[in-house]
Amino acid sequence: MRKVFILFSLIIAFAAFSNNVAAQKKQRIGLPEGVDSVQVKGKISGKQYALYEIWVEKGDVWEVKLDSANSYIGYTVKGANGNRYDFLEPAPTSGYYTIRVELNSTGAKLKKSANFTLDIKFEMEKSSPVS
């Protein structure tokens, strides 16, 4: 009976770990040709977080807006150069930038799920039509 209990406990622990890892997998996002923005929807709870990667060229000016009914949610941006950004400015280097969405410590303790929408918009230069 004890072996069954230990085996059952291990299965539950592994399932909880697997769900947590799957929810925290990095997702690569991109912009279709000719489009200057993308919208991503997600959901997190507790200590889970969502990771998104997007390619940014050096000098690109872009912004991220986070919308959620949960007031404990926030995001950070880590550049391709490893630096963190509290606000977005022209990209200092080309590469994949990581956006991490998570709940603060109070939100994580409450363990209420948070639906969110990320709006990522790049400033594009206006161009003339090709004839």
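The values are calculated or read from the model by the stated rules, or taken from the named source; none is laboratory data. No experiment lies behind these values; they were computed from the predicted model shown. Cβ sites come from the backbone with ideal geometry, for glycine too, and all protein chains shown count toward neighbours.
Annotations for the structure displayed:
- Inspection of segment 4-27 identifies at least one residue that is surrounded by 13 or more Cβ atoms within 10 Å (Cβ to Cβ), modelled with pLDDT under 90 and not in a strand (DSSP E or B).
- Matching residues in segment 52-63 - criterion: being under 25 Å from Asn115 (Cβ atoms) and surrounded by fewer than 16 Cβ atoms within 10 Å (Cβ to Cβ): Glu63
- Pairs, first touching a residue at least 24 places away in the same chain (Cβ under 8 Å) and closer than 14 Å to Leu118 by Cα in segment 64-93, second among the basic types (Lys, Arg) and surrounded by fewer than 11 Cβ atoms within 10 Å (Cβ to Cβ), C-beta under 9 Å, six or more apart: Thr76/Arg84
- Scanning segment 32-44 for residues that are surrounded by fewer than 16 Cβ atoms within 10 Å (Cβ to Cβ) and either of a type outside the set (Gly, Ala, Ser) or under 13 Å from Leu103 (Cα atoms) (or both) yields Pro32, Glu33, Val35, Asp36, Gln39, Lys41, Lys43.
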